[in-house]
Amino acid sequence: MKRTLSLFLGVLLTLALLVAGCGGSTPPAQNAPASKQAVELNISAAVSMKDALAEIQKNYQGKNPNVKLIYNLGASGALQKQIEQGAPADIFISAAPKQMNDLEEKNLVKKATRKNLVENKLVVVVPKDSKLEITKYEDLTKAGLQKLALGETATVPAGQYAQEVLKKLQLWDKVQDKVVFAKDVRTVLAYVETGNVEAGIVYQTDAAASDKIKIAATAPEGSHQPIVYPAAVLSGSKQAQEAESFLAYLFSPESKAVFEKYGFVMSK
């Protein structure tokens, strides 16, 4: 009897081991594919690109939900100084080559990524209900025009271009006492919109963004250097691969349509 019981228990133990062995041979469950890691890209860009970049941001983030675009908009010269002082930035878009050149000389730009993105025009704007007869830059010398807004010539490319035009046309000495300087081109636009000045000089794209002003004159051909906006990934970028992907998107047909919608011309 004891022998029979021992055999019975032995069989049960063997069966238990077989079942356990079969269960252990089941392959482990595969992990679900990990979602793309969240990325923040800091983009320092000329404030004159504000409206176009806002639409591009919406389009790009819709297709790349893991990427968050953070814009730092301002005068190109001020942005340049921030970058030089170590402000976080992955991409820089300047309203003139000068600021990009200065950063490149200091090895703060990835030279291989630099390309001219868009171009712009320089115009005189006046309040929509203005009665002043201004059809050309020479009319800025008229007695009825007492205040003319320009961007700061030390830091604002639009102000630098405006001064270049006025000097080229030999008007600077005649209008200098009328000039009211602003921190960036959008502030110039605001001065005109509110009637704080009779006229201002801004980019064509800024004029297109407001229904409170009208374009009175366009800078003559050859009166200033071409208004070119270079773009590049910065050497200090910690998200270089993602930054280069977004930079490439700025040159895509989809972005081209947005830039042209807001009055920019794509660089060739």
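The values are calculated or read from the model by the stated rules, or taken from the named source; none is laboratory data. Note that the coordinates shown come from a computational prediction; the quantities given were computed from them, not determined experimentally. FYI the Cβ positions are ideal-geometry reconstructions off the backbone, even for glycines, and counts take in every protein chain you see.
Quick test for you: out of Ala95, Ala89, pick the one residue that is in a loop (DSSP other than H, G, I, E, B), touching a residue at least 40 places away in the same chain (Cβ under 8 Å) and under 16 Å from Lys238 (Cα atoms).
Numbers: Ala95 fails: under 16 Å from Lys238 (Cα atoms).
Selected residue: Ala89, the only one of Ala95, Ala89 that is in a loop (DSSP other than H, G, I, E, B), touching a residue at least 40 places away in the same chain (Cβ under 8 Å) and under 16 Å from Lys238 (Cα atoms).
Find the residue count for segment 172-186, including only residues that are in a helix (DSSP H, G or I) and within 28 Å of the chain's Cα centre (by Cα).
Within segment 172-186, the first condition is being in a helix (DSSP H, G or I), and the residues that meet it are 172-178, 185-186.
From what's left, within 28 Å of the chain's Cα centre (by Cα): 185-186.
Adding up the residues that qualify gives 2.
Within segment 197-250, how many residues are of a type in the set (Phe, Trp, Tyr) and under 18 Å from Ser76 (Cβ atoms)? First the steps, then the outcome.
Step one: filter segment 197-250 for residues of a type in the set (Phe, Trp, Tyr), giving 203, 229, 246, 249.
Filter again for under 18 Å from Ser76 (Cβ atoms), leaving 203, 229.
The qualifying residues number 2.
In segment 14-70, what residues are of a type in the set (Phe, Trp, Tyr) and at pLDDT below 95? Give the steps one after another, and end with the answer.
From segment 14-70, those of a type in the set (Phe, Trp, Tyr) are 60; that's our starting set.
Listed by number, the list is empty, since nothing qualifies.
Applying the criterion of being buried (at least 17 other Cβ atoms within 10 Å of the Cβ) and either over 19 Å from Ser237 (Cα atoms) or free of Cβ contacts under 8 Å to residues at least 24 places away in the same chain (or both) to the residues of segment 65-77, the residue that is nearest to the chain's Cα centre (by Cα) is Gly74. Considering only residues that are outside any loop (DSSP other than H, G, I, E, B) and either surrounded by fewer than 19 Cβ atoms within 10 Å (Cβ to Cβ) or over 18 Å from the mean Cα position of the chain (by Cα) (or both), which ones fall in segment 112-131? Passing the criteria: Ala112, Thr113, Lys115, Asn116, Glu119, Leu122, Val123, Val124, Val125, Val126, Pro127.
Residue-by-condition table, conditions (1) assigned to a strand (DSSP E or B); (2) more than 30 Å from Gln85 (Cα to Cα):
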| position | (1), (2) |
| --- | --- |
| Gln170 | no, yes |
| Val188 | no, no |
| Pro220 | no, yes |
| Val228 | yes, no |
| Tyr249 | no, no |
| Glu260 | no, yes |
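For Tyr137, the conditions (1) surrounded by 23 or more Cβ atoms within 10 Å (Cβ to Cβ); (2) hydroxyl-bearing (Ser, Thr, Tyr); (3) within 29 Å of Ile83 (Cβ to Cβ) all hold with the exception of (3). Every condition in (1) touching an Asp or Glu at 6+ places or on another chain (Cβ under 9 Å); (2) over 30 Å from Thr135 (Cα atoms) is met by Lys256 except one, and the failing one is (1).
Among the residues of segment 43-59, those that are out of contact with any Lys or Arg (no Cβ under 9 Å at 6 or more places or on another chain) and surrounded by 20 or more Cβ atoms within 10 Å (Cβ to Cβ) comprise Ile43, Ser44, Ala45, Ala46, Met49, Leu53, Ile56.
Pull up segment 230-247, narrow it to residues that are in a loop (DSSP other than H, G, I, E, B) and in contact with a strand residue (DSSP E or B) (Cβ under 8 Å, 6 or more places away or on another chain), then point me to the one that is nearest to Glu40 (Cα to Cα). Full working, then the answer.
Just the residues of segment 230-247 that are in a loop (DSSP other than H, G, I, E, B), to begin with: 235-239.
Cutting the leftovers down to in contact with a strand residue (DSSP E or B) (Cβ under 8 Å, 6 or more places away or on another chain) gives us 235, 237, 239.
Values: Ser235: 16, Ser237: 11, Gln239: 8 Å.
The selected residue is Gln239.
One residue stands out in segment 238-262 among those that are over 18 Å from Gln57 (Cβ atoms) and touching a residue at least 40 places away in the same chain (Cβ under 8 Å): the one that is surrounded by the most Cβ atoms within 10 Å (Cβ to Cβ), namely Ala240. Residues of segment 46-86 that are within 14 Å of Phe259 (Cα to Cα) and outside any helix (DSSP H, G or I): Ala46 alone.
Out of Gly144, Gly200, which single residue is in contact (Cβ under 8 Å) with a residue 24 or more places away in the chain, within 19 Å of Ser48 (Cα to Cα), not in a helix (DSSP H, G or I) and not acidic (Asp, Glu)? Give the derivation first.
On the way: Gly144 fails: within 19 Å of Ser48 (Cα to Cα).
One residue alone meets the criteria, Gly200.
Being farther than 15 Å from Glu164 by Cβ and crowded, with 21+ Cβ neighbours inside 10 Å is the filter here; which residues of segment 217-233 pass it? Residues satisfying the conditions are Tyr229, Pro230, Ala231, Ala232, Val233.
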